[in-house]
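All remarks here apply to the structure that follows.
The values are calculated or read from the model by the stated rules, or taken from the named source; none is laboratory data. Note that the structure is predicted; figures quoted are calculated from it, not measured. Virtual Cβ from ideal backbone geometry, glycine too; neighbours counted across all protein chains shown. Accessible surface is based on the protein model in full, side chains and every heavy atom, while ligands, DNA and RNA are left aside. Shrake-Rupley method; radii C 1.70, N 1.55, O 1.52, S 1.80 Å.
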Amino acid sequence: VVSLSGREIEVLEENAQTLTAIGFCWEMFGDREYLITGVPADFLNLEPKQLFLELLDNLRNQNMKSAPEFVIDHCATMACKAAVKGNHTLSYAEAKELIGQMLQMDQPYHCPHGRPTTIAMSQYEFEKKFKRVL
């Protein structure tokens, strides 16, 4: 449950279609309170209340009537921040699950900002990296 200011409610109403289209769901839960009932799947590891309020705050600061591109770009940035980082060790089961989820995506080969998530190399290149080719 989140309590919103009058301006935050305006921002929510102005961007409701875009927010709903990317996976946010909410319902009124009082005079200025809203119950968050769904968040985009990419954000399941983030605290929904904080995510929702941060997004509304950033939209409010942009002073835009309706900003689908901003919402999508901001969500992409937040997804990247929530992603597994290079210094984070995953168990075999976690890595397998993550790869399985990635391969089910429409665009699994790059992050929302276009950075590669996988690379391809020939067996020769692979062996050369490990000094197995003379």
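Listed by chain and number, the lysines whose alpha-carbon sits under 24 Å from that of LYS49, ignoring those within fewer than 8 places in the same chain, are LYS65, LYS81, LYS85. Couplings 3J(HN,Hα) of region 107-122, computed from phi: 10, x, 9, 7, 6, x, 9, x, 6, x, 9, 9, 10, 10, 8, 6 Hz, in residue order, whole Hz [Karplus 6.51 cos²θ - 1.76 cosθ + 1.60, θ = phi - 60°; x for Gly and Pro].
The charge dipole of the chain, taken about its Cα centre with unit charges on the Cβ of Lys, Arg, Asp and Glu (plus for the first two, minus for the last two), comes to roughly 920 debye. Restricting the chymotrypsin sites (Phe, Trp or Tyr not before Pro) of region 102-134 to loop positions (DSSP other than H, G, I, E, B) with no more than 10 neighbouring Cβ atoms within 10 Å leaves PHE130. Axis of helix 48-62 versus longest Cα principal axis of the chain: the two differ by about 70°, to the nearest ten degrees. Amide H contacts of TRP26 (H built 1.01 Å from N, in plane; Pro and chain starts excluded): THR37 sit under 5 Å, all sequence-distant by 5 or more or on other chains.
Please report, in whole Å³, the volume per residue of the convex hull around the C-alpha atoms of the chain.
So the per-residue hull volume is 142 Å³.
Modelled spin labels at GLU54 and ASN87, positioned 7 Å past Cα toward Cβ, are 1.9 nm from each other. Under a GNM of the chain (C-alpha, springs under 10 Å), which listed residue has the highest mean-square fluctuation: VAL11, VAL84, VAL71? Of VAL11, VAL84, VAL71, the Gaussian network model singles out VAL84 as fluctuating most.
The modelled label-to-label distance between SER122 and GLU47, using points 7 Å beyond Cα along the C-beta direction, is 5.2 nm.
For region 12-27, backbone phi angles converted through the Karplus equation (6.51, -1.76, 1.60; θ = phi - 60°) give residue-by-residue couplings of 4, 5, 5, 10, 4, 4, 5, 4, 5, 4, 8, x, 7, 9, 7, 8 Hz, Gly and Pro being listed as x.
Applying 1/(1 + (r/R0)^6) with R0 = 25 Å to the Cβ-Cβ distance of HIS74 and ARG32 gives a FRET efficiency near 0.60.
Keeping all protein chains in place, calculate the accessible area per residue for the chain (probe 1.4 angstrom), answer in Å².
Counting only protein heavy atoms, the per-residue value for the chain is 72 Å².
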